[in-house]
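What follows is a set of notes on a single structure, which appears directly below.
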Amino acid sequence: MGATIKTDVVIVGAGPTGLSLACQLVRHGVGFVVVEKNEGVTPYSKAIGVHARTLEIYEQLGLAREAVERGTVAGKVRLLSGGEVRGEFDLSEVGEGLSPYPYVLMLEQSKNERLLYGYLKSHGRDVLWNTALESFSQTEEGVTAFVKTADGESQTVEARYLVGCDGAKSPVRHALGLAFEGSTFERTFYVADAQVDWRFAHDALTVSLSKETFVVFFPLKGERRYRVVGVFPEEFAKDEGEVLYEEIEARVKAEAEIDLDIHDVEWFSTYKVHTRHVESFAAGRCFLAGDAAHIHSPAGAQGMNTGIQDAYNLAWKLALVLKGSAAEGLLDTYNEERLENAKNLLRTTDRMFQLAAGPEWLLSFVRTNVFPAVAGYLFSLDSVKRFVFPLVSQIGINYRHGSLSRHEGDGDFKVKAGDRMPYFKVEGESVYDRLRGPKFHLLGFTDERGAVRMSDAGAEGKYADLVDCQTLPLSGQAAEAFGTDGPFQVLLRPDNYVGHISAGASTGGWEAYLDDLCRPSGR
Ligand SMILES: Cc1cc2nc3c(=O)[nH]c(=O)nc-3n(C[C@H](O)[C@H](O)[C@H](O)COP(=O)(O)OP(=O)(O)OC[C@H]3O[C@@H](n4cnc5c(N)ncnc54)[C@H](O)[C@@H]3O)c2cc1C
């Protein structure tokens, strides 16, 4: 048995969620150990849709540009029915003005994991590969994890907290005895990454709708490379893992009703769709994040993105508590905020999934007749873009109902406490360029007379080490985003959600907010 490792946080699992949590803890200067039973990051492409909110988080890690360069922007949607093109819609700027990343990026999970792992390595950190969690116990003071390496050596890790980022079958969730209720869709999905030769250009996310179901071709980086996803019919009786690739190819050809040739298959898989969430994201000093806490249909490509955001939400809270800057109660807001998000997500993805794959005759009629006919109208409507993009891209997630959102003062604004900091430009640059530090941000938006000056407002006092204070011009874009034309100030949490917002320059509101949230533990 090796010497006991002592650390602040033990992370179980180095998928996208565990790696993201580790990267965020590096940003916040918190100690951690990641244990992963596999020998390295996944070699499989798995998730491919990377949404705007994830790219905004990557931007803070300095990874967004590389992610975009390595991936493909889904610039267009092409709808096929009966093998014929029924419509083409431009998506390249669908979220224009709402995010610096107004699109969906196609970047395989394996490449996301490599990016995140690269960040860890470049900061002198690593993962304990080939090391599986065997068991753990917790007391009021901490957690003890017992892990075993592939060559059978046992090791003990003592930490203040444990986070199970250990996937859908989560041993941590099982050990904690937390229920994971929901349902399983009867039909089997297939997925294959391959080269597709057909008459269409490699420039669009192509959806082929049929009476029974659908096939989607997602363009990937590389000549004519696609991710192909579809569903077997109800009568298809094979279990996951028993399906031969030839059966998938036959299915694609039958469903798409197009003359196409599929070859150079790099990866294929089949799976059943489950929709489940855990009853609580936390139990004592242990937390769950990512697939360990919620799984859902692939509609909307939300899984990996949601795990990355769970990690983002938890990291700053762990950091403040571990540094003694906040009471442990702050950690309760992780379950409060992310459980509500998971419930909403399951409802939305279930609805999308039923429309895309539901077998009823009415859905089949909508899929093949109504949807292609109205899609152009839908995609062209600005208001729909503004509703659909925030929902799918996850920039619309808010924590308005959470206890960290103080609403006194926000009645005069379009942006409410609990909303993500809206995107706009300040002096030609993204406002997010000023919000990269792992701190609270107190922003005073001032008119030309300098009605709100942060230094005058005394923000450099007792919270100087926790809060970054900036005075910004009250430009037209800022006024439009917040729905006001007078000076105001916003206190952003370290994850850039609005904690408090008020007109004028008084210090009372935001100071009281921080007094409550950051009351040091034990003092
Ligand atoms: C075909 C397919 C397509 C998908 N498409 C999308 C998409 O387009 N967009 C999207 O957002 N999501 C998509 N998803 C979902 C996405 O892949 C998952 O949501 C994502 O992998 C979850 O990441 P995670 O880190 O939470 O869990 P995982 O990726 O499952 O990682 C968990 C890790 O924990 C490790 N582990 C488990 N037990 C132990 C133990 N005892 N000790 C140590 N380590 C352990 C595992 O080895 C694993 O590496 C797709 C999934 C599939 C299968």
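We did not get these values from a lab; they are worked out from the coordinates using the rules stated. All of these numbers come straight from a predicted model, not from anything done at the bench. As a convention, Cβ positions derive from the backbone with ideal geometry for all residues, glycine included, and neighbour counts pool all protein chains shown.
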Residue (of LEU21, VAL215, VAL172) at the positive-pole extreme of the chain, dipole from beta-carbon charges: LEU21
In this structure, the FRET efficiency calculated for THR184 and SER506 from their beta-carbon separation, with R0 = 60 Å, to the nearest 0.05, is 0.65
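Can you compute the charge dipole magnitude of the stretch 410-517 about its Cα centre, using +1 on each Lys and Arg Cβ and -1 on each Asp and Glu Cβ, nothing else charged? Give it in debye, rounded to the nearest 20.
Working: 11 positive and 18 negative charges, 39 e Å.
Using only the charged Cβ atoms, the result is roughly 180 debye.
Compute the FRET efficiency between THR4 and HIS174 as 1/(1 + (r/R0)^6), taking r as their Cβ-Cβ distance and R0 = 25 Å, and round to the nearest 0.05.
Numbers: r = 25 Å, r/R0 = 0.98.
That gives a FRET efficiency of 0.55.
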Top positive-direction residue, dipole computed over the chain with Cβ charges, set LEU79, GLY142, TYR119: GLY142
May I ask you to compute the full-extension gain from ASP261 to ASP197, defined as 0.36 nm times their residue separation minus their alpha-carbon distance, rounded to one decimal in nm? 22.5 nm
Diffing the stretch 115-123: the Karplus 3J(HN,Hα) column from phi (6.51, -1.76, 1.60, θ = phi - 60°), in whole Hz with x for Gly and Pro, holds 4, 5, 5, x, 4, 4, 4, 5, 9
How about LYS462: which lysines have a C-alpha closer than 18 Å to its C-alpha, ignoring those fewer than 8 places off in the same chain? LYS323, LYS439
Over 18 Å apart: what share of the alpha carbon pairs of the stretch 410-517 falls there, rounded to a whole percent? 41 percent
Helix 332-357 versus the longest principal axis of the chain: what is the Cα-based angle in degrees, 0 to 90, to the nearest 10? 20 degrees
What nm distance separates the two modelled labels at GLU279 and LYS416, each placed 7 Å from Cα along Cα→Cβ? 3.0 nm
Helix 508-517 sits at what angle to the longest principal axis of the chain, using alpha carbons and giving 0 to 90 degrees rounded to 10? 70 degrees
Grab the Cα-Cα distance for ASP447 and ASN38, subtract it from 0.36 nm times how many residues apart they are, and report the gain in nm with one decimal. 141.7 nm
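Among the DSSP beta bridges whose two residues both lie in the stretch 410-517, what percent are antiparallel, rounded to the nearest 5? Intermediate results must be reported in sequence, preceding the final value.
Values: 13 of 20 bridges.
Close to 65 percent.
What is the gain in length, in nm to one decimal, between ASN130 and ALA479 on full extension, counting 0.36 nm per residue of separation less the C-alpha to C-alpha distance? Write out the running numbers ahead of the final one.
Details: separation 349, 0.36 × 349 = 125.64 nm, distance 5.24 nm.
Value of the extension gain: 120.4 nm.
Send over the semi-axes of the chain's equivalent ellipsoid, whole angstrom and largest first, taken as the square roots of 5 times the C-alpha gyration tensor eigenvalues. Can you show the working numbers first?
Values: eigenvalues 308, 193, 74 Å².
Semi-axes, largest first: 39, 31, 19 Å.
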Over 29 Å (Cα to Cα) - which of LYS46/LYS76; LYS37/LYS272; LYS317/LYS343; LYS111/LYS414; LYS37/LYS317; LYS111/LYS211 fall in this group: LYS111/LYS414; LYS111/LYS211
Rounded to the nearest 0.05, FRET efficiency between LYS343 and HIS407 (Cβ-Cβ, R0 25 Å) equals 0.70
